[in-house]
Structure formats: C-alpha cells, structure tokens
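The values are calculated or read from the model by the stated rules, or taken from the named source; none is laboratory data. Predicted, not measured: the structure shown is a model, and the values here were computed from it. We place every Cβ from the backbone using ideal geometry, glycine too, and count neighbours over all the protein chains shown. Ligands, DNA and RNA are stripped out before the accessible areas are found, and what is left, the full protein with its side chains, is counted by its heavy atoms. Shrake-Rupley method; radii C 1.70, N 1.55, O 1.52, S 1.80 Å.
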Number of protein chains: 4
Amino acid sequence: MTKTIGILTSGGDAPGMNAAIRSVTRAGIAKGYRVIGIRRGYQGLIEGDMFEMNVRDVSDIVQRGGTMLFTARSKEFMTLEGQQAAKRSCDNAGIENVVCIGGDGTYRGALDLSKQGVNCIGIPGTIDNDISCTDYTIGYDTALNTALVMIDRIKDTEMSHSRCSVVEVMGRRAGHIAVNVGLATGATEVVTVERPYNLDDICAKMLSQKATGKTHFEIIVAEGVGHSSEIATYIQEHTGIDTRATVLGYVQRGGAPTCLDRVIAARIGCYAVELIDSGAKNRIVAVKNNKLVDYDIVEALAMTKNYDEHLHRLLDSLSL
Amino acid sequence: MTKTIGILTSGGDAPGMNAAIRSVTRAGIAKGYRVIGIRRGYQGLIEGDMFEMNVRDVSDIVQRGGTMLFTARSKEFMTLEGQQAAKRSCDNAGIENVVCIGGDGTYRGALDLSKQGVNCIGIPGTIDNDISCTDYTIGYDTALNTALVMIDRIKDTEMSHSRCSVVEVMGRRAGHIAVNVGLATGATEVVTVERPYNLDDICAKMLSQKATGKTHFEIIVAEGVGHSSEIATYIQEHTGIDTRATVLGYVQRGGAPTCLDRVIAARIGCYAVELIDSGAKNRIVAVKNNKLVDYDIVEALAMTKNYDEHLHRLLDSLSL
Amino acid sequence: MTKTIGILTSGGDAPGMNAAIRSVTRAGIAKGYRVIGIRRGYQGLIEGDMFEMNVRDVSDIVQRGGTMLFTARSKEFMTLEGQQAAKRSCDNAGIENVVCIGGDGTYRGALDLSKQGVNCIGIPGTIDNDISCTDYTIGYDTALNTALVMIDRIKDTEMSHSRCSVVEVMGRRAGHIAVNVGLATGATEVVTVERPYNLDDICAKMLSQKATGKTHFEIIVAEGVGHSSEIATYIQEHTGIDTRATVLGYVQRGGAPTCLDRVIAARIGCYAVELIDSGAKNRIVAVKNNKLVDYDIVEALAMTKNYDEHLHRLLDSLSL
Amino acid sequence: MTKTIGILTSGGDAPGMNAAIRSVTRAGIAKGYRVIGIRRGYQGLIEGDMFEMNVRDVSDIVQRGGTMLFTARSKEFMTLEGQQAAKRSCDNAGIENVVCIGGDGTYRGALDLSKQGVNCIGIPGTIDNDISCTDYTIGYDTALNTALVMIDRIKDTEMSHSRCSVVEVMGRRAGHIAVNVGLATGATEVVTVERPYNLDDICAKMLSQKATGKTHFEIIVAEGVGHSSEIATYIQEHTGIDTRATVLGYVQRGGAPTCLDRVIAARIGCYAVELIDSGAKNRIVAVKNNKLVDYDIVEALAMTKNYDEHLHRLLDSLSL
C-alpha cells in the first residue's frame, strides 16, 4: 500500500511557503508517496478540505508569494475534539504523515496532532525568524529585502526634506528584521524589545550627529515595541527635527521569494521527506550553521534564541 | 552678459525632479545660460544657498529619487519681507529667471516672486497629480507603480488568509492615485473624497461577491479620506470578514523614477528653457493630451480639474 | 439566446494581456454575454481548444505577466482551410465575436477570420508599440521600465569601470523603446532603424564628451539594428574606451504589468465589449491622445506611424 | 602620530562594495585611524589618486551598486616597478595598511604589495562567489536575486509560448550562481563547468517531462560553459521545442545590494579594521559557517573550493 504525506501551511503566511510545498510534493512523489495538499491549515484538516497533488499541481508556484494551500488560525483545533476530528480526516484520507509549515504555533499544533497518532514533521516558515530551534526561517530573507527596499525609498524623501523617519518593521516577538534592516540601511538607531532603549538618548545622538553635518535620520522600530507615531512625535518635540512615522505593515508579508528563501525551502522540503522516509517521528527541521538538522518537537519548542546583540552593537559603531 | 537661470524644488519632493533639474540645467547651458542650483526651495533662495551648476553636476542623477537641490517649506517666504529678500538673492547672483519645480504651493510662491520682478517658470512636480492645469505631474507614475507593487504584495498575504485589506494610498486632495491603483490591482472598491461613499454599501458588495465565491477583498482609501483603521474595523464588524489596514505612507514618495516620469521631466525641462529663451514671462508648463503647453501663473492657479469619474465607474463594472 | 464572445491572444505575448482578458471577460459577462477563452491564438481556435470563463476564472491575473490563454503563431491559419476550420470552431461553440489581442499580425488574422463571417475586434497588445493606428499598445510601458531598470544596473558597473556599455533593447521594426529608455537613462546616443547613424560620429561625440570630464558612456541599440557586439568592438577600437555589449533579450517580455498597462488594458477591454454590444463590426481599438477610438481593420492596417524624432533630438540636446 | 588605512576596490565591481567601504571608513575613524580612499584600485594607488575620507563622505552609499572608489585592472602593477611605485604612494600618504576589496586577483595584488612592506587586508567582494577561502563573497546574493528576477520574467513569456529558454548567467570559473538560480527558478537542468553534461541527455529529459504534461522548459548555463545560442539551437533541433537563448550579462553586476550583502559588508569591514588594530598582518577575511575568520594571504590563495554538488542533485530530484 502506498504511504501518504499530507502538507499544510498554518499561522502567518511567508514567501517561500509555495517553494517548500513544491519541494515536499515532488520529493515525496519521487520516493513513491501519495501527497495530499490540505487547505487552510489545521482548520482545513478538520473539515477534510484536501486534494491529492501531482507533480504538475506544484508547477510554476516556486516564484509566488503567499501559500497555494491557504492558511488559517483554528480555534476548533485547540480543543481535543478538534484534534480528534483532524485525526479522523487523516484516517479517512490514509494520511500517516503531515508536514506542517509555519512557526511555533504551527509546531504546537503538530505536537497535538502527533499525540493523536499522526506523524508530524515541522518546517520553519515565518518572516520574523523568531523560531528558537533554527537559525533561519523560510520567508525571513524576503521580508528583510522588502523592508529594505521600502526604507531605501523613504530615505529618498527623508534626505530631500532633511527629516527624520521613524519606520516600524514587522517582528512582534523579535527584533531580527529591525536590527538587520537598520544596519543595512544605515539607520541612526534601532528600537527592539530585546534591548532597553531611551528616547532621550536617541534624541541626544541625533543632535550630536546633526552637529557634525548629518542632515537626515532614520529610526527603525520593531513591531513588538510599536508606538511609532508617539516615538516620532517625541523625537520631533525634543530635537526640533521634522519627523514622520511609517508603519510598513503587511507589505512585508508578500512578494516573490528571494533566491535564498527558495533554495532553503527546496532543501528543507526534501529533508522533511527524507526524515519521513527514514522512519523519523515528530521532528522539526532546522538550519544550524547552514546545515539542516532536526529536533524532537517538544525539544524544539523548549529552546530559546538569542538576540543578535553583536549586530546591534555593529550598528551603533557605524552610525556616526 | 550671460543670462542666468535659477532652479529650485519646493514643497513635497517627487521622483523625477532630478531628471527635470538635469534637463533644465543642460538645456540652459546648451543655449548659453548660466544655471544656478538653489537649495531648499524658496527658503534657500532667501538665504542665498545656491551654486552654479555645470553639465557634469547633473550627471548620473536622472535615475535618483528625491531632489539633489533639497526642498523645504518656507514660512519666511510667505511674507513680503521674505519675498524681497529672495529678490535680493536673485539680484546678487544675477538670476533673472527661476524655474520652480513643485505643485500649486510652489506656483503661488512663483507668483509672489514674479511680483518682485523675477521671471518665474513653473514645472509640475508632485506625486498626487493634483495640479489643475496639467494632465500629468512629474512623479505621479512612479508613485502609482510604487503603490501598485506594495498592494500586489499585500494581496499575496490577503489571498492566503482569505482576508480583506484596507490600503490607504497618498493623495490628500485628490483620489487619482487611489482610483488608478484600485483599478490596476483589482480592488473591490475605492474610497475617495471626490465621490460620496457609504461603508454599508461596501460591506453589502463584499458579502454579495463572497456569495459568488470571492475569497479576498481589497479596499483602497485615499489619504484625503483617511481613517483606514476605523474603516477596517467597521468592515470586519459588519461583514465578519477578517480585515486589516495598511497605510502605505512615505514609501510612495521615493524611489527611482519610472521611464515615463523621466521622459516627461526631460521634455518639460527643455520646454521651460525654451519658454525663457523665447522671452515668455511667468508661465506654468503643463501636459495636455500628451503635448506640452503653458499658461500664465494666475490663470493656471484658477483652473479646476475633474476627477476621473469614468475610471471609477470602470472599476465598479470590473469588480465582480 | 445568449450571445457569445471569444477571446484569444496571438503573436508575441505582452504584460497586461491578462488584465485585458479579465476586462473583456468581466465586461462581457456583465453585459449578458457568454465568454469563451480560446487557448494558443488562432491555432487553438482551429483545434477548438477553448473553455467558457466565469468571473472567477479571471481573478488574480491582473498582476501576472504573460497570457493565461497562451499564444502561438499558426501556419495553418494562414491558409483558407485553416480559416474555415477556425470558423467551424466558432460555429460549434456559438461564438459570433472574437476579441483578438496582439499586434499587426494578429489583426491580419482577425481580418481573415472576419471574412469567414466572424465579427473580430482587435486590441493592441505588444511591447514594441509598433502598431500604426494607436499611440499606445498594452505591454509597452512595462517593457520600457524593465529595460530601464536593467540599464540602470548596467550603469552601476559601467561607472565603476569607466566603461562604455552598448545595450540592445527590443523593437524589431521600431525604435520607440530604444529612444525612450535612452532618453530616460541618459544615454550618449541611440541607434535605431528610423534614423541613419554613423559610428564614427558616435565615437567622435564620446571622445568630445570625455574631454570635458565624462567618464562612462551608454549607447542604446534597437533590436532592428542589431549587431551590438560589432558596434561595441568598433567603438572600443576607435575610441580606446573599454566597451561591452549586452542584449537585454526576452527579459523585456515578462514581468508584472505596470499601472499604466493595467489601466489601459482595463479601459480597452471594456471598450471592445461596448463596441460589440453596439453592433460594431471588425474594428481595431486604439488610443489617440489618451482617448479610445476605433478603426476598421483594413483602415488600421493601412496606417503608418511616425518615429518620435522629437524625442531623439531631445536626447541629442541633453547628452552633453 | 595617527595611523592610516587606505581602501581600494579592484577587479570586477560587486554590489555591496560601497557598504564595505563605509564600514571600513567609519570603523577606522572610530578607532582613531585616518582613512584614505584610493581610486581605481592598484592603478590609482600607483598614480596617487586618493583622498582622505571622513564619516560624511560615506553617507548614503550603503544602498548604491558599484563602487564609489571605482575599479580598474592594472598591468603596471603586475610589474615590480609598478609595485614599488605603489609602495611610494603609500609612503607619501603615510598609509601603513591597505584594505583591498575584490577577488583572487585582488588578493594576488595584495600579496605583491605586502612584499613591499605595506600591510594588506583582503575583503571578499565578487558576484561569482568563486573565492576558495570563504563561503560567501560580497555581491553574490545581489547577483543571485538579479538573475532570479530576470529569469522569472523570462518564464512569463516562455510559459505563454510553451517554449524552452536557455539562460546564461554569470560565473566564469564557477557554477554557484547557475545552480542556485536554477534550483530557485525551477529549472529543468543546469549546465556548469564543474559537472560533465550531455545535451542529448538534457533533450531526453525534456521530452520525457513533456510526455507527462510539462509545457515549458528552462536550462541555465554558467558563463564558463558559454555557447548558449548553440545549446539553444541544438535543443530545438533535437526536441522540436521552440527554444530561445538569453545572456543576462552585465545587468547582474549592478543594482542596490540586498540586505544580506549589506549586512555581511558591514560585518566584514569592521572585522578588517579590528584585524589591523590588533596588529594582524596580511590576512584575508572570510566567512565560514556564518562566522568571520581570517587567513594568511598565501594560505588563502592556495585553498580550493568544492562545487555544491548536493544542490545540483537536489535540482535533479525536483525537476520532474
């Protein structure tokens, strides 16, 4: 009897999810599996919203943002009844393995489903790079570059007007996007949840740089800190420098994935199928020092991740 | 004695202003004029912040967003004393003609300066396309495409989540950007100041489309209407469809100008120099049916512009 | 009985064709027509490769390059037998009207099909803007901007090395792309089929500019002229300036359409349906001074179009 | 007495070189060094074409492609006389340390200069990622994404016409760009110098995929293999599938650097200054497993790098 792999995407979508779906699908079929696409994450699984995929069903999606399988947050799946219903859907479709693409919330769902006896393999897909067990998450590089391009554009007008821009980037729980794009766009300062900040120090830094000829300024704020408009108002009032806030918002979630996101997605997708084929149970695929590894789901969820304090200090030293 | 042309950019910056500066500078020099770049608009003119430009000073700026001459809003220039000080700056530098790149506010400044005896030629540069006398303003096409690309990205995540996106685009006094990008991105509805709107009608339209299988929605709101977050909340509460607001903001003001903006800037800049060379006084250059024309400043400021109601109706008919 | 509109795309594809397909489909359905998508142009029509489209079939294609209906060149359709077979396909499917999106070759096909008794409406879609009866063709603006972005990138490396770049852009029969992107990117010279050129004059111009401090150069060559490598070699040998050729090629044919291409496509598509609905027979839709008009097919094919000599002279005057 | 750091860029330019120049300059000044920008690589050094840089001289270059210090290949520097002249220039300007940004050729120059008694630190900057001692070179990620975006565009037209595209990407000595963008764009096959290839096998693979419904094909060829047109002709003749070649060329060398290239450039630039400050002599900075390390120049030049055969096999397994 042919063994079967289900695939779903859950939680926030991220560019590169389609490339991962393609990789799992084709690697799975190449190894002799039936592959079932499950729509709208765990909610779609409960409802049996799924279809068998062949190699052509995943043609020409590698360059598309979003997820062809759609995504959703499911309250029903948070209950035991929901999890049992999901298990029944798997049984009905003959699905023994589910590849779950998403973030920590997706992995907690995978853990719940695994307790019902379905083998679950997690793949890291989220733009925030806020999954503890992995150096890298699919979608992160695309989001960095989308934010970068937008900030480069804001700088054009900021320079023309000798202004300060306060730009809020995504990252509810983590400042990775903020500190990287801040460093990459020559920001004056980055404000993240991971490091204490003091608006008066930022104002003093701006005024000190202005005294040496700097005419325009850029402050990057992580979503987790928020309050960009208030920060802009404070800066303007305390420096006298015309200051405007922009919240980049959902733009950062879409777009064609970058080369890195597509290549990592291809690698991770194949790795996930190899794990299944080797008999591994309930693992999370992760990137460590450019190599792929895997962890038990419980173990992965218990890990913690350090903020890249070194990059933040690098930004401090280059912002003159 | 060599005759002299000053150039300044004033008000909000717009992509393509640099291309216009290059065009005026080179066309002016080619016709035997000295060309003086005036920094920071009328404020810089008052302060005498200016420098003579040669053909190489405007090399490699045609592709740059923003304005190499910087821009500012000047309260001082709104006074007679300020205008007289500006006139003295012109006299000191031997400037008989000033090309003023910007919008209606810039033209009102040009009118004031002309009353002091300086010949002023206005060039339309603003992303909003809200200048009455001209079909087209430099920067408009770039802003349209910047907004378009961002909305395309938002659609990726909106589709993945089966959401409604409320996207606020620039245009404080005019809905031109809103209706064009709305039509171009397949928006469900566009909300502008020019046409009355009713949120309940929009909700009803969305529910009716949902009933025929539409899964995601996009509402474009012009800056002049504002309140995007409130609109998003209202829609979500009255349709039950998950709805998120994004304000595209200052990103729309920057970036490398599009081909159209650069070509129009080149054409208009040369035309302005030809006007000066032909002895014309105090004119605004405008685009009418793809041809360049010019109007007296007072006449230009008195004109009114129609909203493109036809495009809005076209959007209505295609949003099914 | 419901009347029926078929749609096909033929000849070279162009960005914005999908937006036009969407517009024709939705406007047609809104007016009570059945709309049939015909795949692979006239060849697909002969083979009966078609399907009825509903409003959702054209969802989320407005931003896609290429054509969802595919395109092909058909030798069979050039014969009377082929044209009769196409007519039989129309009869079998109940198609009385066909909207044909493409260039002059497509219109000649439309003329042939109309002689078999099928009402044909032509829509201008080609990146080269080389259709005589219209100021504008769908896809042209996107191709201009794609070429522009690529040339901007080439300039980065050309400037770093103090080189001359010879860049060949599309336009087999027309230099419109060449002269516009040349003007927009600050090219030293543009070489088109429409205007005689002399490589020695170009070399002399480069050396003269080099003497006044210009360090890098860019020559745009239209595809119709070709021989970019030979031109680069000639320039290098006769100026001593390191010169490299790049042929931009098929990249210029793809990509998400610009705002202008999508808006024009929406407008033209609706106009085509209105023509059909008003009883018009065998017309070509065209853009004249930003307004939509239509011509008899025979009349349209007999027209000739002027090269924009004015833009070329403008480039001459700004290239200093 | 203040110690001094010279900076030069040499060989082919790469996006991110400006970000590295900024990083070296600001980190150097912050540590109390005078920093001298040397124009046009070793040739400019011989000629004494240099200037002292302050922190503002490197403002707003982080996002620019190319190199603000220009680059050149110097025959004169390949002679002992040239190297001695370069040493004299260093002595005249008080330069004890030179940071040399480029590839292997740049490092050989650095080795020659070090033999004259100037401390040289090499930084990897080349789009090809073909430097043996480092996992990563500045400019590589930008080139990958530039090629990717162009190939995505080619795919739009290739799909519309059911064609095969042969696309030649940069990489004279290495297939890294080819295999990564091939994997990322869903190529049918990648042809590199590192792995033997057989055109008949490629044709057979295409025909086999066509039999299972694949309609369009993409073959990526590394510059080192070349002959793209001949390969296209061969494929068309042996498969009957319409095939077109495109050589992406110099476009891949320019453009605003990606986030990764800017962040890596910032990190490496600071690391180079720290090396100098710690008294290290004649080292090459390299990236190994995301960490920065350094090697003696001679040692670095003797290293060899493996082709990523694993990625190539991954592409094989996903191209179905």
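Structure notes:
- Any hit, segment C:188-208, residues being within 10 Å of another protein chain (Cβ to nearest Cβ), assigned to a strand (DSSP E or B) and among the hydrophobic types (A, V, I, L, M, F, W, C): no
- Selection count, segment A:67-120, where residues are within 14 Å of residue A:49 (Cα to Cα) and among the basic types (Lys, Arg): 2
- Residue within segment B:139-147 that is farther than 30 Å from residue B:98 by Cβ, within 11 Å of chain A (Cβ to nearest Cβ) and surrounded by fewer than 24 Cβ atoms within 10 Å (Cβ to Cβ) present: no
- Residue check, residue C:74 of a type in the set (Ser, Thr, Tyr) and touching a Phe, Trp or Tyr at 6+ places or on another chain (Cβ under 7 Å): yes
- Of residues in segment A:11-26 being in a helix (DSSP H, G or I) and among the hydrophobic types (A, V, I, L, M, F, W, C), the one nearest to residue A:71 (Cα to Cα): A:17
- Exclusive hit being of a type outside the set (A, V, I, L, M, F, W, C) and over 27 Å from the mean Cα position of the chain (by Cα), set B:261, B:242, B:277: B:242
- Residue pairs whose Cβ atoms lie under 8 Å apart, sitting 6 or more positions apart in sequence or on different chains, and linking a residue in segment C:235-261 that is free of Cβ contacts under 8 Å to residues at least 60 places away in the same chain to a partner that is surrounded by fewer than 24 Cβ atoms within 10 Å (Cβ to Cβ) and of a type in the set (Asp, Glu), are C:238/C:200.
- Scan of segment A:177-220 for residues that are crowded, with 19+ Cβ neighbours inside 10 Å and among the hydroxyl-bearing types (Ser, Thr, Tyr), ordered by number: A:185, A:188, A:192
- Hits in segment C:1-11 - residues which are at pLDDT 95 or above and surrounded by 20 or more Cβ atoms within 10 Å (Cβ to Cβ): C:5, C:6, C:7, C:8, C:9, C:10
- Scanning segment A:241-277 for residues that are within 14 Å of chain B (Cβ to nearest Cβ) and either polar (S, T, N, Q) or more than 24 Å from residue B:162 (Cα to Cα) (or both) yields a count of 8.
Here is a yes/no grid of residues against (1) assigned to a loop (DSSP other than H, G, I, E, B); (2) crowded, with 23+ Cβ neighbours inside 10 Å; (3) modelled with pLDDT under 95:
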{"residue": "D:231", "(1), (2), (3)": "no, no, no"}
{"residue": "D:237", "(1), (2), (3)": "no, no, no"}
{"residue": "D:241", "(1), (2), (3)": "yes, no, no"}
{"residue": "D:260", "(1), (2), (3)": "no, yes, no"}
{"residue": "D:285", "(1), (2), (3)": "no, yes, no"}
{"residue": "D:292", "(1), (2), (3)": "no, no, no"}
{"residue": "D:295", "(1), (2), (3)": "no, no, no"}
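- Among the residues making up segment A:72-89, those that are out of contact with any Leu (no Cβ under 6 Å at 6 or more places or on another chain) and under 27 Å from residue A:15 (Cα atoms) are A:72, A:73, A:74, A:75, A:76, A:77, A:78.
- Selection status of residue D:227, under 21 Å from residue D:142 (Cα atoms), away from chain C (no Cβ under 14 Å) and open to solvent by 10 Å² or more (accessible area, probe 1.4 Å): no
- For the criterion of being crowded, with 23+ Cβ neighbours inside 10 Å and part of a loop (DSSP other than H, G, I, E, B), residue C:171 passes.
- Boolean, residue D:181 is within 14 Å of chain C (Cβ to nearest Cβ), closer than 30 Å to residue D:272 by Cβ and in a helix (DSSP H, G or I): yes
- When residue B:157 is tested against (1) surrounded by 24 or more Cβ atoms within 10 Å (Cβ to Cβ); (2) touching a residue at least 12 places away in the same chain (Cβ under 8 Å); (3) touching a Gly at 6+ places or on another chain (Cβ under 8 Å), just one condition goes unmet, and that condition is (2).
- Residue list for segment B:306-316, restricted to those being within 14 Å of chain C (Cβ to nearest Cβ) and either touching a residue at least 60 places away in the same chain (Cβ under 8 Å) or within 18 Å of residue B:216 (Cα to Cα) (or both): B:308, B:309, B:311, B:312, B:314, B:315, B:316
- Verdict on residue C:256 being open to solvent by less than 20 Å² (accessible area, probe 1.4 Å) and not aromatic (Phe, Trp, Tyr): no
- Close contacts from segment B:1-30, counting a first residue that is at positive phi and among the hydroxyl-bearing types (Ser, Thr, Tyr) and a second that is outside any helix (DSSP H, G or I) and open to solvent by less than 10 Å² (accessible area, probe 1.4 Å), with Cβ to Cβ under 7 Å and a gap of 6+ residues or different chains, come to none at all.
- Counted residues, segment C:12-26 - those being open to solvent by 10 Å² or more (accessible area, probe 1.4 Å) and within 13 Å of chain D (Cβ to nearest Cβ): 1
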